[in-house]
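**Q** If you scroll down you'll find the structure; I have some questions about it.
The values are calculated or read from the model by the stated rules, or taken from the named source; none is laboratory data. What you see is a predicted model; the values in this text were computed from it and never measured. Every residue, glycine among them, receives a Cβ derived from its backbone with ideal geometry; neighbour counts consider all protein chains shown. Keep in mind that these areas ignore ligands, DNA and RNA; they rest on the heavy atoms of the full protein, side chains included. Shrake-Rupley method; radii C 1.70, N 1.55, O 1.52, S 1.80 Å.
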Amino acid sequence: MRTVKSVAELTGVSIRTLHHYDALGLLEPSGRTEAGYRLYDHADLERLQEILVWRQLGFSLAEIAELLDDPGHDRGAALRRQRELIGGEIERLQATALALDAALAARNHGTPAKEETMFEGFDPSRYEAEARQRWGDTDAYRESARRTAGYGEAEWAQIRAQAQANVDALAAAMAAGEPADGERARSLAQEHRAHISRWFYPVSPAMHRNLAEMYVADPRFTASYEQVAPGLAAYVRAAILANADSVEALTPGS
């Protein structure tokens, strides 16, 4: 059994944070000393490890609590899922690092960087999980967790390729002067919605609107699209809003 001070020293998590997790019911120590001080056993440390990894992956404390307290929670499955997500992040960051190294080398030599590799590692779709966290209900979250738990390397490669193809097509439509509320852009926006619905969780037109607003309201989302083409974030937003209006006009109550 470890005291709260010992756990703080071991993990780097502050005592105040551990107290906060206890107050939330997220990490309640398994024991207490006669004086009432918290004592943590090995199972508590395993739970804390899982909490910290989910936090590093961007999950909220409320969502982590749902995951850990789910009657069907399986630590082995959770660890495998976390490893897959971390692996994907490592790959993305490695690709980004290589793209930056190439850009630096080109700048040092006074030559233009290769356009085909300039944007490797930049994935605008990577924040869609955060959008789900902000606006998706519990059923949507659980559905996303259920689906993605079974994805392997092949599925994630397919997901990334489809998402990138959609972004590239939207950028091409914008460059060609296609109006954001035109048939081509609306079709691509519908493809975007279908991609999320297929792989993660059902996306209604209303939820898709929320995604669109975040693409221009959150600087991180905006930057992801702007790295592909200046003005693309606003164009994608307009296309999604136009498509949502069109879908709802055809299917009231959707």
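**Q** What is the distance, in nm, between label points placed 7 Å from the Cα along the Cα-to-Cβ direction at Asp69 and at Leu98?
**A** Once both label points are built, they end up 4.4 nm from each other.
**Q** Related question: What nm distance separates the two modelled labels at Leu52 and Ala206, each placed 7 Å from Cα along Cα→Cβ?
**A** 4.0
**Q** Rounded to whole Å, give me the distance from the Cα center of region 5-55 to that of region 179-254.
**A** A separation of 41 Å, based on Cα centres.
**Q** Return a whole-number percent for the relative contact order of the chain, with Cα pairs under 8 Å and 6 or more residues apart as the contact set. Could the numbers behind the result be given before it?
**A** Numbers: 222 pairs, mean separation 33.9, N = 254.
So the answer I get is 13 percent.
**Q** D for the chain, whole µm²/s, Stokes-Einstein with Kirkwood Rh over alpha-carbon pairs at 37 °C and 0.692 mPa s: what number? Mind dumping the intermediate values first?
**A** Numbers: Rh = 20.7 Å.
It comes out at roughly 158 µm²/s.
**Q** Tell me the angle of helix 232-250 to the major Cα principal axis of the chain, expressed in degrees between 0 and 90 and rounded to the nearest ten.
**A** 90
**Q** Let me ask another. Check which residues have an amide H placed less than 5 Å from Leu27's amide H, if you skip close sequence neighbours.
**A** Under 5 Å from the amide H of Leu27: Asp22.
**Q** Let me ask something else. Ordered by residue, what ³J(HN,Hα) values in Hz, to whole numbers, does region 158-173 give under the Karplus form 6.51 cos²θ - 1.76 cosθ + 1.60, where θ = phi - 60° and Gly and Pro are x?
**A** Each residue of region 158-173 in turn: 5, 4, 5, 5, 5, 5, 5, 4, 5, 4, 4, 5, 5, 5, 5, 4 Hz.
**Q** I've got another one for you. So between Ser6 and Ala43, what do we pick up on full extension, going 0.36 nm a residue minus the alpha carbon distance? Working shown, then result.
**A** Values: separation 37, 0.36 × 37 = 13.32 nm, distance 1.52 nm.
Gain on stretching Ser6 to Ala43: 11.8 nm.
**Q** Could you calculate the contour length gain from Gln164 to Ala194, that is, 0.36 nm times the residue separation minus the distance between their Cα atoms, to one decimal place in nm?
**A** Working: separation 30, 0.36 × 30 = 10.80 nm, distance 1.41 nm.
Using 0.36 nm per residue and subtracting the Cα-Cα distance, I get 9.4 nm.
**Q** Dipole of the chain (Lys/Arg Cβ +1, Asp/Glu Cβ -1, origin at the Cα centre): which of Pro71, Leu10, Leu93 lies farthest to the positive side?
**A** Going by the charge dipole, the pick is Leu10.
**Q** Still on this model: Taking a probe of 1.4 Å, how large is the accessible area per residue of region 166-243, in Å²? If you can, show how the numbers build up before the last one.
**A** Details: 3110 Å² over 78 residues.
Ligands and nucleic acids excluded, the result is 40 Å² per residue.
**Q** Mind ranking 71-80, 209-218 by how tightly packed they are, going by the mean number of other C-beta atoms within 10 angstrom, highest first? Please list the in-between numbers first.
**A** On the way: 71-80: 11.1, 209-218: 18.6.
Put in order of decreasing packing, that is 209-218, 71-80.
**Q** Still on this model: When Lys and Arg each count +1 and Asp and Glu each count -1, what net charge do the other residues less than 12 Å away from Asp44, Cβ to Cβ, add up to?
**A** Values: positive: Arg2, Arg38, Arg47; negative: Asp22, Glu28, Asp41, Glu46, Glu50.
Result for the neighbourhood of Asp44: -2.
**Q** What nm value, rounded to one decimal, do you get for the distance between Ala249 and Asp22 when each label is placed 7 Å out toward the C-beta?
**A** Once both label points are built, they end up 6.0 nm from each other.
**Q** Once the Cα atoms of helix 183-199 and of the chain are each reduced to a long axis, what angle between those two axes, in degrees from 0 to 90 to the nearest 10, is obtained?
**A** The angle comes out near 20 degrees.
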